[in-house]
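Report on the following structure.
The values are calculated or read from the model by the stated rules, or taken from the named source; none is laboratory data. No experiment lies behind these values; they were computed from the predicted model shown. Here Cβ is always computed from backbone atoms with ideal geometry, including for glycine, and neighbour counts include all displayed protein chains.
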Amino acid sequence: MIEMPLTIDPVNILHPDSTVTAVAISADGKFLSWAEEGGVLKICDPKGGSESEPHEIEGGVSHLAISPDGMVIVGGHSGNLHGHESLGGHRWSHHLGGGCDHLAVSPTGDLVAVIDGARLLHMLTSTGTLLTHYEAGELTHLAVDPRGDSAAITDDVGNVIVVGRDGNVRFTRPSRGERGERVTAMTYLADGHLCIAREALDVTMGDEDEIVIEWWTPMGQEVDRVPLRQRCDVLRATNYGVACGMFDGEVIEFDSNRDQKSLFKSPYSIHDLITCGDDLLVTSWFHVHMIDGDGEEKWQVEHTGLTKLVRTTNDGSLIMVAGDNQNDYTRENQIMLLDISSKPYAIQAGADIDADLAEFDETPLAQNSDSSAESLYGGEEDYSDLLTEAEIAQLSRSEETILGSDDLMGLLEAEITLNDATKQEEFDFESALTDESGRINMPPVADAGDDQIVDADDSGAAIVTLDGSRSFDEDGEIVSHVWMDISNRVIGEAPIIKVKLPKGNHTFTLTVTDNDRASTSDAVTVQVR
């Protein structure tokens, strides 16, 4: 008998009016915030009450965070950075070039760090006071020290720079190799050490490993380096060390001695890892999985969308789950709230189907009703006046007709054949996801390039290059690139195209499709000034 996994019921489900683009929950769980398509910002308590008046953020919202003092930090998709009170009132705004690409807020120490569309680092307090700026090439990753003392940034060739809140560079970790390398994940640990996962962009020389995880002290000294068998997409500090979410869906943990153990394996890539006390929350595909320190799954919950927007309180007691299934026909906008103290129970096989069919159940006969064959079918009422002459003649002949055993078996065999044929035509969902070898196809990764800010010429327009050549497919090849503007009009079908744009903000979407017909999309914003 197959043992069914455990699950818990949500304590509340909120139903936004449109697709959710960002979420945040306060450290104590007393209020939460989310943004919807079109830039609508909403704030309420976990029960859905005390909802503030919606605010519309110009240019849409790409990131949300809540500072330790309760300030809601709002990063605009193509606009500025804003601070809102928990009751919804707007407090301050800070100018960003090309919108907010990355946002991180320290759990203590009052540090807000942002990388904007122009690849400039901004460091502020939660009251909107600017601490410093820093510029260093095409910035791709951001992490903040838990104490709010510094921020770490990486560029597109693998350089890592740690900048203090005073604007001074604490240390720089240079990239390796002629073509450089790529930092795939980065996080601060509780002791202030910086953990970096990287992969080489070309063939390494000598004993240099292609994919590694590194540990660096706050003073810029590398204390250890461990090779990895594949790319690490997520790093998260734990009570025992650091957890790594690998590209193939495995979760491994390194302890303080750099010894590693495998904790969990998902058939899909890992979206995020979040510590909840001694437990670890794993988000992958449409699910969130709670696992203990030994890797045993305590429960799992399925959401209606891809679980890419998951946040928790500081102690992990309340979990906020949102996501989009990226399907216009089956989209269900939903924010789920989970309480980890809820009692788990076994998932019932087919329970979702049974629930959908419950409304079609027949009403049972009353206990005192006469349900005998004579009472149901043996009435003496005459219905002959409702029948045609041909129907009356057919009924008269049927009384004289007796089916032989051969006739009955023939009908039975026909029914069996029909049922078998119908069963064979049932859709096999598992087969649709896998090929003949049982391999699950990984979708391609769309990369529409970096957001751009360009100056218009004398005619008030600019010619801009849209570069999607960094898109890739790990287990196949990309067979099509399609560029669309904000009205979903196709403007190009090549990895790199040139467009002439007037002054203003413009958003384009690149959709790439692989040889297994899987596709993903990425958006880029161009500001012509």
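On inspection, residue 165 does not qualify as in contact with a Ser or Thr (Cβ under 9 Å, 6 or more places away or on another chain), within 14 Å of residue 102 (Cα to Cα) and basic (Lys, Arg).
Among the candidates 33, 93, which residue alone is among the polar types (S, T, N, Q), over 23 Å from the mean Cα position of the chain (by Cα) and at pLDDT 95 or above? Full working, then the answer.
On the way: 33 fails: over 23 Å from the mean Cα position of the chain (by Cα).
Just a single option satisfies the conditions, and that option is 93.
Scan segment 19-27 and give yes if some residue there is β-branched (Val, Ile, Thr), within 30 Å of residue 136 (Cβ to Cβ) and not in a strand (DSSP E or B), otherwise no. There is no residue in segment 19-27 that is β-branched (Val, Ile, Thr), within 30 Å of residue 136 (Cβ to Cβ) and not in a strand (DSSP E or B). The one condition from (1) closer than 18 Å to residue 321 by Cα; (2) surrounded by fewer than 21 Cβ atoms within 10 Å (Cβ to Cβ); (3) at pLDDT 95 or above; (4) not hydrophobic (A, V, I, L, M, F, W, C) that residue 269 does not meet is (3).
Test residue 148 against the criterion of being over 21 Å from residue 224 (Cα atoms), crowded, with 18+ Cβ neighbours inside 10 Å, within 28 Å of the chain's Cα centre (by Cα) and in contact (Cβ under 8 Å) with a residue 60 or more places away in the chain, and give yes or no.
Numbers: over 21 Å from residue 224 (Cα atoms): yes; crowded, with 18+ Cβ neighbours inside 10 Å: yes; within 28 Å of the chain's Cα centre (by Cα): yes; in contact (Cβ under 8 Å) with a residue 60 or more places away in the chain: no.
Criteria not met by residue 148.
Only one of the numbered conditions (1) surrounded by fewer than 20 Cβ atoms within 10 Å (Cβ to Cβ); (2) out of contact with any Phe, Trp or Tyr (no Cβ under 9 Å at 6 or more places or on another chain); (3) at negative phi is violated by residue 180, and that is (3). When 163, 112 are checked against the criterion of being over 26 Å from the mean Cα position of the chain (by Cα) and β-branched (Val, Ile, Thr), a single residue qualifies: 163.
Kindly provide the set of residues from segment 90-104 that are among the small types (Gly, Ala, Ser) and either under 21 Å from residue 155 (Cα atoms) or in contact with a Ser or Thr (Cβ under 8 Å, 6 or more places away or on another chain) (or both), ordered by number. Show your work before the answer.
To start, the set of residues in segment 90-104 that are among the small types (Gly, Ala, Ser) comprises 93, 97-99, 104.
97, 98, 99, 104 - these are the residues of segment 90-104 that are among the small types (Gly, Ala, Ser) and either under 21 Å from residue 155 (Cα atoms) or in contact with a Ser or Thr (Cβ under 8 Å, 6 or more places away or on another chain) (or both).
Condition check ((1) assigned to a loop (DSSP other than H, G, I, E, B); (2) outside the structural domain of residue 142 (by TED's automatic domain parsing); (3) surrounded by fewer than 22 Cβ atoms within 10 Å (Cβ to Cβ)) across all residues:
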| residue | (1), (2), (3) |
| --- | --- |
| 16 | yes, no, yes |
| 58 | yes, no, yes |
| 93 | no, no, yes |
| 107 | yes, no, yes |
| 115 | no, no, no |
| 118 | yes, no, yes |
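Just to be sure before I move on: is residue 78 assigned to a loop (DSSP other than H, G, I, E, B) and crowded, with 21+ Cβ neighbours inside 10 Å in the structure I sent? The answer is yes for residue 78.
Checked against the criterion of being modelled with pLDDT of 95 or more and surrounded by fewer than 16 Cβ atoms within 10 Å (Cβ to Cβ), the candidates 260, 221 yield just one match: 221. For residues that are in contact with a Ser or Thr (Cβ under 9 Å, 6 or more places away or on another chain), under 28 Å from residue 102 (Cβ atoms) and loosely packed, with under 13 Cβ neighbours inside 10 Å, scanning just segment 450-501, find the one that is modelled with the highest pLDDT. Checking each candidate, the answer is 498.
Kindly establish whether residue 218 is more than 28 Å from the chain's Cα centre (by Cα), within 27 Å of residue 274 (Cα to Cα), in the same structural domain as residue 92 (by TED's automatic domain parsing) and of a type outside the set (Lys, Arg). Before the answer, list the steps.
On the way: more than 28 Å from the chain's Cα centre (by Cα): yes; within 27 Å of residue 274 (Cα to Cα): yes; in the same structural domain as residue 92 (by TED's automatic domain parsing): yes; of a type outside the set (Lys, Arg): yes.
So residue 218 fits the description; yes.
Looking only at residues in segment 166-201 that are among the aliphatic types (A, V, I, L, M), assigned to a strand (DSSP E or B) and under 26 Å from the mean Cα position of the chain (by Cα), the one that is nearest to residue 223 (Cα to Cα) is 194.
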